[in-house]
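The numbers here are math on the coordinates, done by the rules we state, and not lab data. These numbers come from a predicted model, not from an experiment. Neighbour counts are summed over all protein chains in view; Cβ atoms, including those assigned to glycine, are modelled from backbone coordinates with ideal geometry.
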Amino acid sequence: MVSTLDGAAQHDGRSQPISTATDMRIFGTLRGLADVVIVGAETVRLEGYRPARARAEFADAREAAGQGPAPAIAVVSASLDLDYGLPLFTSPLVPTLVLTGAAAAPDRIATAEKAGAQVVIAGDGVGVDPVRAVQALAELGHTRLLTEGGPRLLGQLVAAGVLDELCLTISPMLTAGDAQRIAGGPSVAVPKRFELVSLLEEEGFLFGRYRRT
Ligand SMILES: NC(=O)c1ccc[n+]([C@@H]2O[C@H](COP(=O)([O-])OP(=O)(O)OC[C@H]3O[C@@H](n4cnc5c(N)ncnc54)[C@H](OP(=O)(O)O)[C@@H]3O)[C@@H](O)[C@H]2O)c1
C-alpha cells in the first residue's frame, strides 16, 4: 500500500500519482513472491487491473517453491459486476479467481465462469468472509497471499485479524481533500500493533515493512 504524508491512499481515484518507480519495483517483487494477489473489485474497476506477468528474475525461485509462473489475481466481489472483456479475464497467464459469497447471483457466477474465471465461494451471504477466504485459498494450495487493497477490502482483512504483514510506502506528498486512508470500514476495538521489520529510503519516499507483533 502507498500513502501520502496526510494519509491519502489515492489521488483522482488512482494510486499512481502518489507512487514512484521504486514503489512499483517493490510492488512487482511482492507479486513475484506471491501465490495469489487478492484485490477488491473497485480497485480492479478503477485501476483497470491487468493479469500478473511472468518475470524472468523470479522464474527459478517460483519453480523451486512449486509456484506457477505468475500469481493468480483473486478479485473479491459481492456484485460480480466486473468487465469480463478485460485482459484480466481474457488472457491471464494463470486463471483469474473471483472470491464471492454463497448468496451471489447465480447468473453472474455463471457469467464469470464462462469468462474463464475460477469462482471461489468464501462466505455464507453475498459477501466474502476474510477468514473463509484465506481457508478457501489454502485448500487450493495458495498460502502466500498478497493483498493490494483497496482500502475497503484491507480494512476488513485488518478487522478479521488475517493481515500479518504490511508493506507501506510513505510518499512525500500532501494532497488534502477527502481521499480514503489505506484501510477503511469500521474501526477495530483495540488498535492492532505491528513492529517495523525494515525501512528503506529513496528520494524522500520511505518503504517500510511491518509485521504483526
Ligand atoms: N494506496 C494504495 O496502496 C491503494 C491500493 C489499492 C487501491 N487504492 C485505491 O483505492 C480505491 C479503491 O478502493 P476501495 O476501498 O474503494 O475499494 P476496494 O476495496 O478495492 O473494492 C471494494 C469492492 O470490493 C468488493 N468487496 C470488498 N469487500 C468485500 C467482501 N467482504 N465481500 C465481497 N466483496 C467485497 C466489493 O465489490 P462489488 O462492488 O463488486 O461487490 C466492493 O465494492 C481506488 O481509488 C484505488 O486507486 C489505493
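Just a few scattered comments:
- Residue match in the range 51-58 (condition: under 15 Å from Arg144 (Cβ atoms) and away from the ligand (no atom under 16 Å from the Cβ)): yes
- Only a single item in (1) within 15 Å of the ligand (Cβ to nearest atom); (2) more than 23 Å from Glu165 (Cβ to Cβ); (3) surrounded by 13 or more Cβ atoms within 10 Å (Cβ to Cβ) is not met by Asp81, and it is number (3).
- Scanning the range 18-52 for residues that are of a type in the set (Ser, Thr, Tyr) and either out of contact with any strand residue (DSSP E or B) (no Cβ under 9 Å at 6 or more places or on another chain) or in a helix (DSSP H, G or I) (or both) gives Thr22, Thr29, Thr43.
- Candidates Asp129, Asp124 - the one that is touching a residue at least 12 places away in the same chain (Cβ under 8 Å), closer than 22 Å to Pro186 by Cβ and surrounded by fewer than 15 Cβ atoms within 10 Å (Cβ to Cβ): Asp124
- Output for the range 2-15, where each listed residue is loosely packed, with under 14 Cβ neighbours inside 10 Å and within 12 Å of the ligand (Cβ to nearest atom): Gly7, Asp12, Gly13, Arg14
- Any hit, the range 63-78, residues being in contact with a Phe, Trp or Tyr (Cβ under 7 Å, 6 or more places away or on another chain) and free of Cβ contacts under 8 Å to residues at least 40 places away in the same chain: yes
- Hits in the range 152-168 (condition: within 22 Å of Thr29 (Cβ to Cβ) and part of a helix (DSSP H, G or I)): Leu153, Leu154, Leu157
- Scanning the range 155-172 for residues that are more than 12 Å from the ligand (Cβ to nearest atom) and within 12 Å of Leu5 (Cβ to Cβ) yields a single hit, Pro172.
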